[in-house]
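First the structure, in the form of structure tokens, and then the observations on it.
The values are calculated or read from the model by the stated rules, or taken from the named source; none is laboratory data. These numbers were taken from a predicted model, which means no experiment stands behind them. As a convention, Cβ positions derive from the backbone with ideal geometry for all residues, glycine included, and neighbour counts pool all protein chains shown.
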Amino acid sequence: MLFSRCVAAFLGVVLMVANSHAKEHSGKEYIQKNGYQGPKTCVVCHPGVAKEFLETVHWKHASKVDHVDHLDAGKEYGMKNRIYTMCNGNDIVNNLKEVPPNAAGKTKFTGCNTCHPGDHVSDVGSRGPEAEQAIDCLICHSAKYDFSKRKAVKGKDGKVVMTQDRSVTAALNIGQPKTKNCMVCHESAGGGALIKRGFSMTREADVHAAKGMVCVDCHTVKKHRFPTGRDPNNWAHDGMYMTCVGECHSNKPHKDADYNRHTNVIACQTCHIPRTGGAFAKNFTKWERQSSGFYEPSTLKREVNETVPVYAWYNLTVSNTPHFIGPKGSRSDGKSKIYPFKVFQGKAYFNKLDGQLLSMDFAPPMATGDTLAGVTSAAKTLGIKAYDPVPGWQTIYFGSNHQVAPKNKALTCANCHAINGVLNFKELGYSAKEVEKLTTPDLYFDKLLKIQQENE
Amino acid sequence: MKRFFSVVIMLAVLTVSSLTLVASASAEDVKMVGTISEIKIADDGKSATAILKDTKSGESVTIVVTDDLTLDKFKDKRIVEGDEIRCKFEKQDGKNSSKIFKKTAGC
């Protein structure tokens, strides 16, 4: 302990000197001299950090949730145990494992917890010294992580282990996570690149990325806890939320007072994220054979920037029924704003006996296409004895919270205040008389004419 | 004489316009899914070629990749040989320039 403190103090001095010369993570000499031994090395300078990380959503894939209907306040929910139709499985039923051989005799490893930053032996929500040492710190913190070194392998004891890049090269290139560190996992969710939420964080697609900003510039981490937005389908949280309003943007962010008047009822995203993409429908009852001989759920998808959102009032609480997960709110509740959402519809099996959505273990259908075998396996894992699977659809509203368009592509007056505008005022709760007032060019004619004249 | 020159000039303009149209019409967007059999990154790191084996036809197609994001994925091995790719490329002048290059696999 004393030794650790001395090393920490020494490295602290090294850090100050190093910072005065270059913006480089300290401890380089220590790592060069002693090698990198995973979290054991990190905690020399960052005592307690491994233990701290085990309490976060990134490790637990769950948290207590108090803004969603029909949940048990005493339980934790998240990717660990949720069942919905974008994934239809979770870390429990789709725990990382080897898929049975397909018709060609091939197998592969798959599982929802493939992205869990442990080694799988210490898995989602595990605790204790072994779990602390299993954390893959570098997958998030290294700019030179060799991703080919992170793969599932079966040990002699039959356990599946997720290997890591713990090389000195990776360890010498540590710092705050770059966008790519986040996107390694966050862009491949839902069955492929940019499928689940369908946003791209490239310079071409997002104004913040174009300015050189990275994910953690907005998701400002405190003790490895990440503030998140309020996507109705993103339940687990680290107890911190974020909005656009803060250090960078005020609640009167526009030069134009007319636009600023909207901020009480219109979320920033509504005008500034006019498009997303990704999957918009998926059928877990029908898997398609791939060239590899394995099967995947059939999915309808679009490229980023091809999906037009739907707009709804949202008071940041969530309706959760077997056939619908989406925003609650209304024009009159005094808490809601109009937000944009990507609507996704997924088909899966529901239990005819209680109406609840059933989960699916992907291993059987991935090998043979037999979806009911997947339901049987999942029911066995979850201890569900009485069930009668019938296909049905579930609608999910995903929040459109990323891929902020350049200013010239944001929605303006005429995009909404028009008879064929993007907002359906009637469905949003406005009377016929109000709709008439809200869709007349009188609201913006002179302003837009002036802008048009200036640009001509 | 003047009329003759006018006709010649008009014909010349028409020929050039037609050739331009033919050239732009020859640029064609192609979509394919294929497995990477080889990735070669240029010495300057600013481009790469990837050979994809088309899952439908079995043909090998060489794709030129120049976007920073995909190049970075090649460099840190987020995309490696053996990965299945969904690709959209522009076919022009015998060169297949990548416009979309994404792994099909996800969790």
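The table for this structure:
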{"item": "In the stretch B:93-107, the residues that are of a type in the set (A, V, I, L, M, F, W, C) and more than 12 Å from A:G191 (Cα to Cα)", "result": "B:I100, B:F101"}
{"item": "Strands (runs of 3 or more DSSP E) completely within the stretch A:267-345 that count 3 or more residues being within 14 Å of chain B (Cβ to nearest Cβ) and touching a residue at least 24 places away in the same chain (Cβ under 8 Å)", "result": "A:276-289, A:295-307"}
{"item": "A:A236 being within 9 Å of chain B (Cβ to nearest Cβ), buried (at least 17 other Cβ atoms within 10 Å of the Cβ), touching a Gly at 6+ places or on another chain (Cβ under 9 Å) and part of a loop (DSSP other than H, G, I, E, B)", "result": "no"}
{"item": "Among the residues listed as A:D69, A:D119, A:D123, the single one being surrounded by fewer than 16 Cβ atoms within 10 Å (Cβ to Cβ), modelled with pLDDT of 95 or more and over 20 Å from A:G383 (Cα atoms)", "result": "A:D69"}
{"item": "Filter result for A:A193 (more than 14 Å from chain B (Cβ to nearest Cβ) and in contact with an Asp or Glu (Cβ under 6 Å, 6 or more places away or on another chain))", "result": "no"}
{"item": "Options A:A379, A:A363, A:A348, A:A367; residue that is buried (at least 19 other Cβ atoms within 10 Å of the Cβ), touching a residue at least 40 places away in the same chain (Cβ under 8 Å), among the small types (G, A, S) and out of contact with any strand residue (DSSP E or B) (no Cβ under 7 Å at 6 or more places or on another chain)", "result": "A:A367"}
{"item": "Single residue of the stretch A:410-456 satisfying the filter (among the small types (G, A, S) and within 31 Å of the chain's Cα centre (by Cα)) that is nearest to A:D258 (Cα to Cα)", "result": "A:A410"}
{"item": "Close pairs (9 angstrom Cβ cut-off, 6 or more residues apart or separate chains): exposed (fewer than 12 other Cβ atoms within 10 Å of the Cβ) in the stretch A:18-38, at pLDDT 90 or above anywhere", "result": "A:K23/A:G175"}
{"item": "Answer residue from the stretch A:196-215, given it is in contact with a Ser or Thr (Cβ under 6 Å, 6 or more places away or on another chain) and surrounded by 21 or more Cβ atoms within 10 Å (Cβ to Cβ) and is nearest to the other protein chains (Cβ to nearest Cβ) among those", "result": "A:M201"}
{"item": "Filter result for A:C182 (more than 12 Å from chain B (Cβ to nearest Cβ), crowded, with 21+ Cβ neighbours inside 10 Å and closer than 30 Å to A:R302 by Cα)", "result": "no"}
{"item": "Selected residue (only one of B:D83, B:D68, B:D54 is facing chain A (nearest Cβ under 10 Å) and within 29 Å of A:Y145 (Cβ to Cβ))", "result": "B:D68"}
{"item": "Residue tally, condition more than 12 Å from chain B (Cβ to nearest Cβ), within 23 Å of the chain's Cα centre (by Cα) and surrounded by fewer than 21 Cβ atoms within 10 Å (Cβ to Cβ), over the stretch A:134-162", "result": "1"}
{"item": "Residue among A:S250, A:S291 that is within 30 Å of B:T55 (Cα to Cα) and either modelled with pLDDT of 95 or more or not hydrophobic (A, V, I, L, M, F, W, C) (or both)", "result": "A:S291"}
{"item": "Where A:L172 falls short, out of the listed (1) touching a residue at least 24 places away in the same chain (Cβ under 8 Å); (2) away from every other protein chain (no Cβ under 14 Å); (3) touching an Asp or Glu at 6+ places or on another chain (Cβ under 8 Å)", "result": "(3)"}
{"item": "Leading residue by the ranking (farthest from the other protein chains (Cβ to nearest Cβ)) among those in the stretch A:95-124 that are in a loop (DSSP other than H, G, I, E, B) and acidic (D, E)", "result": "A:D119"}
{"item": "Wholly within the stretch A:136-190, helices (runs of 4 or more DSSP H) carrying at least 1 residues that are touching a Leu at 6+ places or on another chain (Cβ under 7 Å)", "result": "A:168-171"}
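Conditions (1) in contact with a Phe, Trp or Tyr (Cβ under 9 Å, 6 or more places away or on another chain); (2) closer than 24 Å to A:R197 by Cα; (3) of a type in the set (S, T, N, Q); (4) exposed (fewer than 13 other Cβ atoms within 10 Å of the Cβ), marked per residue:
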position	(1), (2), (3), (4)
B:D29	yes, no, no, yes
B:T35	no, no, yes, no
B:A42	no, no, no, no
B:K46	no, no, no, yes
B:K75	no, no, no, no
B:G82	no, no, no, yes
B:N96	yes, no, yes, no
B:K102	no, yes, no, no
B:C107	no, yes, no, no
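Matching residues to (1) more than 10 Å from chain A (Cβ to nearest Cβ); (2) in contact (Cβ under 8 Å) with a residue 60 or more places away in the chain; (3) assigned to a loop (DSSP other than H, G, I, E, B):
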site	(1), (2), (3)
B:T35	no, no, no
B:K46	yes, no, yes
B:I63	yes, no, no
B:K77	no, no, yes
B:E90	yes, yes, no
B:S97	yes, no, no
